[in-house]
Amino acid sequence: MDNLNTKEQNEIKLNLDTVLEILGNPTRRAILSKLAKIPHSTSDLHKALGISRQAVHSQLQILKEHNIIEKIDPDERGGKYRIKTNLSISLNISPDYYNINYDIVEIEPKSKKMFLSDGEESIDYTDKSPSEKIKYLGERIMNIEDGLSNLDSRRKELLQRKESFIIQLKNLMKKKFKDKLSPKKTEMDNLELEIFYTLFFEMSRFQQKINIDHLLDELFFTNLDRFSRATHRTSIEELLRELSNTIDVLKRIDNDFYFVF
């Protein structure tokens, strides 16, 4: 599921397919790993990675065109590159659950977020010697890594619980409600169940009014042309009406659909 707000999409034109393509290339990943530590020039990367300058330049251009990196001194020959965005992506794919989230934020090098300025902690830090500062920062980084590890463990537990609920939901739908739905003998066979499961995959997106355009995107994962979108929309609206008549937690109010819990 491709989650990125409209403002960010306009500022950084990078869709999910492009993100996966960029990260899927081992040379680009190696370049990003290098740049995440210290800025490098084309020549630096050529020597470190053992590939031609032309190949390095080509990969740098791709990353630069997608606003992931920038040249520190754009007018200087042989200038160095650095990463200019925070990019995070999470993938969860299992027999009963599919979810992809990504987030992109451009960070200004002189942003206050890039410097230590957390009240009392920054005061404690200022009074330390250089050696004490290194130890202090190392301990804080280690504590953060421990915290992130705990969050990852907790996240895995929550995802397992969510998947178990989705499995129960699927079993319930198959046993109690599928026989009440009108069979579809078209290419959209079984779409009733897929719609219902999709709504439960990301309930936060559909907890109030169900946005049918968002649902279309979730189901088809493509940029549908106007005719195809209109055709599928009509079919999905019909199936939502049928579901709402069968399952009372899905309500139809006028021409809109809502979950009611």
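Points worth noting:
- Order of Val19, Val56 - criterion: other Cβ atoms within 10 Å of each residue's Cβ, fewest first: Val19, Val56
- Computed over the chain: relative contact order in percent, which uses C-alpha pairs under 8 Å that are six or more apart: 13 percent
- Here region 83-104 and region 147-162 have alpha carbon centers that stand 15 Å from each other.
- Values (i) 20.4; (ii) 15.9; (iii) 12.4 are given for comparison; mean projected area of the Cα convex hull in nm², derived from the coordinates here, is the one labelled (i).
- Rg then Dmax, both in Å and based on the Cα atoms of region 181-259: 12.0, 33.
- Among the listed pairs Lys34/Lys84; Lys47/Lys80; Lys34/Lys128, a Cα-Cα separation exceeding 22 Å is found for Lys34/Lys128.
- Computed from point charges on the beta carbon alone (+1 for Lys and Arg, -1 for Asp and Glu), the dipole magnitude for the chain about its Cα centre is near 480 Debye.
- GNM top mover of Leu16, Leu224, Leu239 - the chain, alpha-carbon springs below 10 Å: Leu224
- 5 angstrom amide H check on Ile69, placed H, neighbours 5+ away: Lys64, Lys84
Taken together, the values in this text are just the output of simple stated rules run on the coordinates, not laboratory data. In this text the structure is predicted, and so the values were computed from the model without any measurement. Cβ sites come from the backbone with ideal geometry, for glycine too, and all protein chains shown count toward neighbours.
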